[in-house]
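First the structure, in the form of structure tokens, and then the observations on it.
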Amino acid sequence: MDLLDWHRGGLSSRRLALLIKHLPRDSATIRDTDGEAADWTVTDYLLAAVVDHLAAANWMFSVVNGDEESDPPDQPVPVPRPGDPAETADGGGETSSADGPQAVPSPSELARFFG
């Protein structure tokens, strides 16, 4: 297909818009407009959510069932997704948030919540 057909009148604007709208996700146009998000499918987002929830559940289990004298393990870092805020400059893996730092629940608070 030649895009000059649209200029010459052999291809209608509606047909051209339909062709562009239904381009495959790996096309250069979609990659240019969507960026890194073009590589992620719904399955990829769901899998990342499953990994994040499993890591959080394992972390909560270890905090609730761990020794009270020892330091609790660090919270798990979520799987980075396209469009997420950039990581902090120190490279610690923590994302910057407009809400400020989140409070970490204590083992007794977690036990009371799940108790």
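Taking segment 43-76, which residues are closer than 22 Å to Ala111 by Cα, surrounded by 13 or more Cβ atoms within 10 Å (Cβ to Cβ) and of a type outside the set (S, T, N, Q)?
If we filter segment 43-76 for residues that are closer than 22 Å to Ala111 by Cα, which is where we start, we get 52-76.
Filter once more, so that each one left must be surrounded by 13 or more Cβ atoms within 10 Å (Cβ to Cβ): 52, 55-56, 59-60, 63-64, 66, 72, 75-76.
Within segment 43-76, Asp52, Ala55, Ala56, Trp59, Met60, Val63, Val64, Gly66, Pro72, Pro76 meet the criteria.
Considering only segment 21-35, how many residues are at negative phi and surrounded by 11 or more Cβ atoms within 10 Å (Cβ to Cβ)?
Count: 8.
Considering only segment 11-60, how many residues are touching a residue at least 12 places away in the same chain (Cβ under 8 Å), in a helix (DSSP H, G or I), over 20 Å from Asp84 (Cβ atoms) and not hydrophobic (A, V, I, L, M, F, W, C)?
Looking only at that region, the number is 1.
Scan segment 68-115 for residues that are under 26 Å from Ala38 (Cβ atoms), at pLDDT 75 or above and aliphatic (A, V, I, L, M) and report the count.
2
The values are calculated or read from the model by the stated rules, or taken from the named source; none is laboratory data. For clarity, every value in this text was computed on a predicted model and none was experimentally measured. All Cβ positions, even for glycine, are placed from backbone atoms using ideal geometry, and neighbour counts span all protein chains on display.
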